[in-house]
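To start, the structure itself, in structure tokens.
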Amino acid sequence: MWGGRFAEGPSAIMREINASIPFDKALWRQDIAASRAHVAMLAACDIVTADDAQTILDGLERVSGEYEANGVPEDWDLEDIHMTTESRLAELIGPVAGRLHTARSRNDQVATDFRLWVREAMDDVDAGLAALQDALVTQAEAHAGSIMPGFTHLQTAQPVTLGHHLMAYYEMMRRDRSRFADARARMNESPLGSAALAGTGFPIDREMTAQALGFDAPTRNSLDAVSDRDFAIDFLQAAAQCSLHLSRLAEEFVIWASQPFGFVRMADSLSTGSSIMPQKKNPDAAELVRGHAGRIVGCVTALMVTMKGLPLAYSKDMQDDKPPVFEAAQLLGLSIAAMTGMVAESTFRTERMRQAAELGYATATDLADWLVRAANIPFREAHHITGAAVKLAESRGIALDALPLDDLQAIDARIDERVYAALSVEASVAARASYGGTAPDQVRARVAEARAQLEAE
Ligand code: ARG
């Protein structure tokens, strides 16, 4: 392709280090689409004849059919997907294939293909996250009133509802989706026609190719267009943030499925057994989602470090932009699908959860709040009185509301029998009806809004 100025061919190591075809063949659909748009524009602008353009379009159709049927051949001598396609095109249609590369460089070609690929990956992630949100909302609705311990420091804190807990992840996924949407809107400009770095002397129509490829507009600076990969980094950063959220949800399943917790029975279909311990059912899918987050964070780091300090415009370092993006997209897609299945198909053991909330003195704050409201005691003092009550109950191994009134009154005489109504876990969650709080009615209201939001999309 560029042998004209060379006396010798590349060494074996040059061929190997240079070849991106083993991974950039994943861009073949985008590469064909961009070539189609480009050649149609060349004809419309009278840069190639209508006949030649048609020959090239027909040839591209055949190449595409071959890739579809047999995959993309991997010849290191052809370096990358762009050369591979052009060379096959030349075999099929002869020298007219050489007109396709008029007013184009691999630099704007790869920037265009890669944007198209990342844009599609963003759309796939968005659809996956919508499905996960749907699963979360469905379970949250079913468990709007199911009581579990809420934790801070993984110590029982206050009772919450399982629906409320799951809706917390709905919110995280909502922000994740908006991060991908922001990135998508920002990147949706076409580099095609920027050529190698400086633009082209041919009278091309960049609006036309931009429109044909679904971009909002052509990019405004050719140097920027061929040399930045911030759109890929945006994608990876959004992916990394999303994977952090998923890994937290995965971790909760790991904890909840453990025998001492016993909050959830995971679906057999998302668990594995042990080759030695017959009783085992391991949460491998959740653990892998947790693990994948580490790899995705590695991908964003890899590309940021690759791009750091590169002078304008294109440098070959940038060929290394693709593996981390492909890897992260694949890992994230799997993680989202695994968590969707886990949320949808797990059985929550609501009795165990409720019991854990009752046994963990989760309503101690409610006792303190009651002392403030019913007996007008300053909160700090109420906190102290409640601490004494918890200490007593704990020494007897019983729940707070199992303490006889006499014992409570021995701690503070201002306590009366009305306090028991405040000490149940139901009363506790029902009381937390502030906007965004855990009260079942609040959860149902948020679920209804979420449903409407998902349906409106
Ligand atoms: N395979 C190259 C890449 O992915 C395509 C661009 C090559 N451009 C060049 N001037 N060598 O970055």
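The values are calculated or read from the model by the stated rules, or taken from the named source; none is laboratory data. Quick caveat: nothing in here was measured; it's all calculated off a predicted structure. Every residue, glycine among them, receives a Cβ derived from its backbone with ideal geometry; neighbour counts consider all protein chains shown. In case anyone asks, the SASA skips ligands and DNA or RNA and just uses the protein heavy atoms, side chains included. Shrake-Rupley method; radii C 1.70, N 1.55, O 1.52, S 1.80 Å.
Report the full-extension gain for the segment ARG396 to ASP51: residue separation times 0.36 nm, less the Cα-Cα distance, to one decimal in nm.
Here the segment from ARG396 to ASP51 would lengthen by 114.9 nm.
Taking 0.36 nm per intervening residue step and subtracting the Cα-Cα distance, what contour gain separates LEU334 from ASP123 on full extension?
So the extension gain works out to 74.5 nm.
What FRET efficiency do you get for PHE261 and ARG373 if R0 is 30 Å and r is their Cβ-Cβ distance, rounded to the nearest 0.05?
The calculated FRET efficiency here is 0.35.
Where a ≥ b ≥ c are the square roots of the eigenvalues of the C-alpha gyration tensor, would you call segment 193-234 rounded, which needs a/c under 1.5, or, failing that, prolate if a/b is larger than b/c, or oblate?
It is oblate, given that a/c is not under 1.5 and a/b is not larger than b/c.
Treat each spin label as a single point 7 Å out from the Cα along the C-beta direction, and report the GLU74 to ALA181 distance in nm.
Going by the 7 Å Cα→Cβ label model, 3.9 nm.
Please say if segment 279-398 is rounded, prolate or oblate, where rounded means a/c under 1.5 for a ≥ b ≥ c the square roots of the C-alpha gyration tensor eigenvalues, and otherwise the choice is prolate for a/b larger than b/c and oblate otherwise?
Prolate is the answer for segment 279-398, as a/c is 1.5 or above and a/b outweighs b/c.
Could you give the angle, 0 to 90 degrees to the nearest 10, between helix 350-359's Cα long axis and the longest principal axis of the Cα atoms of the chain?
50 degrees
Measure off 7 Å from each Cα along the Cα-to-Cβ vector at GLU449 and ARG5, then give the distance between these two points in nanometres to one decimal.
Going by the 7 Å Cα→Cβ label model, 6.2 nm.
Which ³J(HN,Hα) values in Hz, rounded to whole numbers, follow from the phi angles of segment 130-145 under the Karplus curve 6.51 cos²θ - 1.76 cosθ + 1.60, where θ = phi - 60° and Gly and Pro get x?
After applying 6.51 cos²θ - 1.76 cosθ + 1.60, I find 4, 5, 5, 4, 4, 5, 5, 5, 4, 5, 5, 5, 5, 10, 4, x Hz.
Calculate how steeply helix 364-375 sits against the longest principal axis of the alpha-carbon atoms of the chain, using the helix alpha-carbon long axis, and give the answer as 0 to 90 degrees to the nearest 10.
Value to nearest ten degrees: 60.
Once you sort the root eigenvalues of the Cα gyration tensor of segment 1-125 as a ≥ b ≥ c, which label holds: rounded (a/c under 1.5), prolate (a/b larger than b/c) or oblate (the other case)?
Note, shape of segment 1-125 comes out oblate.
Apply the Karplus curve 6.51 cos²θ - 1.76 cosθ + 1.60, θ = phi - 60°, to the phi angles in segment 57-64 and return the couplings in whole Hz, x for Gly and Pro.
With the stated coefficients, segment 57-64 comes to 4, 5, x, 4, 4, 5, 4, 4 Hz.
Using only alpha carbon pairs under 8 Å that are at least six residues apart, calculate the relative contact order of the chain and give it in whole percent.
Relative contact order here is 17 percent.
Under the 0.36 nm per residue contour assumption, what length would be gained going from the current alpha-carbon distance of GLN211 and HIS384 to full extension?
Using 0.36 nm per residue and subtracting the Cα-Cα distance, I get 55.4 nm.
Can you give me the C-alpha center-to-center distance between segment 139-180 and segment 356-409, rounded to a whole angstrom?
Their Cα centres are 26 Å away from one another.
Quote the accessible area belonging to ARG184 in square angstrom, nearest 10, computed with a 1.4 Å probe and with ligands, DNA and RNA left uncounted.
Its accessible surface works out to 70 Å², give or take rounding.
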